[in-house]
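Q: Can you read through this structure? Questions will come right after.
The values are calculated or read from the model by the stated rules, or taken from the named source; none is laboratory data. The shown structure was predicted, so the numbers you read here are calculated from the model rather than taken from an experiment. Here the Cβ positions follow ideal geometry from the backbone for every residue, glycine too, while neighbour counts run over all protein chains shown.
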Amino acid sequence: MKRSSSHSESENDIKPYFPSSSPISSTHQDKAPDHSPKKARMAFKSKVKTEVNLNGEGENAIWTPEKREKFVDKIFSLGMKAANMDELCNEFGMTKLQIRNATQAGRKGNFRDKACKAVKGDVQ
């Protein structure tokens with residue numbers, strides 16, 4: 001069967017078909033992202049701000065023994081999460097169990113406990 005001549009498109013004018021569920025549409029391609037200064041300021045202002053006193057006054061500027069202890073304890077926990085246990089074992093000639101026991105939180109008398117006490121000032 002032949003095409004009827006009443007058809008308005010010729011064979012050379014074939015256009016690609018884009019389904020409506022396509023993730024890329026012409027409206028999204030034509031729009032440039034809006035990076036206006038007003039929107040950037042609004043986004044910045046919506047963040048929670050904390051007061052920082054740079055001249056060394058106030059309660060946050062004082063390093064109490066409890067703050068020092070918490071700080072060292074936090075550094076230990078973050079460092080042990082990021083540490084390569086196999087590398088530590090090889091470097092110091094210890095087993096994984098020995099390193100875990102030495103750095104475990106809440107264990108009395110281990111390396112972590114002694115470091116936190118030394119920073120706090122409770123060294124005997």
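Q: Working only within the range 96-118, note down all residues that are in a loop (DSSP other than H, G, I, E, B) and loosely packed, with under 11 Cβ neighbours inside 10 Å.
A: GLY106, LYS108, GLY109
Q: Residue by residue through the range 89-124, note down the ones that are without any contact (Cβ under 8 Å) to a residue 24 or more places away in the chain and on the phi > 0 side of the Ramachandran plot.
A: GLY93, GLY106, GLY109 - these are the residues of the range 89-124 that are without any contact (Cβ under 8 Å) to a residue 24 or more places away in the chain and on the phi > 0 side of the Ramachandran plot.
Q: Right, something else. Out of the range 50-62, which residues are within 27 Å of the chain's Cα centre (by Cα) and modelled with pLDDT of 65 or more?
A: Within the range 50-62, ASN60, ALA61 qualify.
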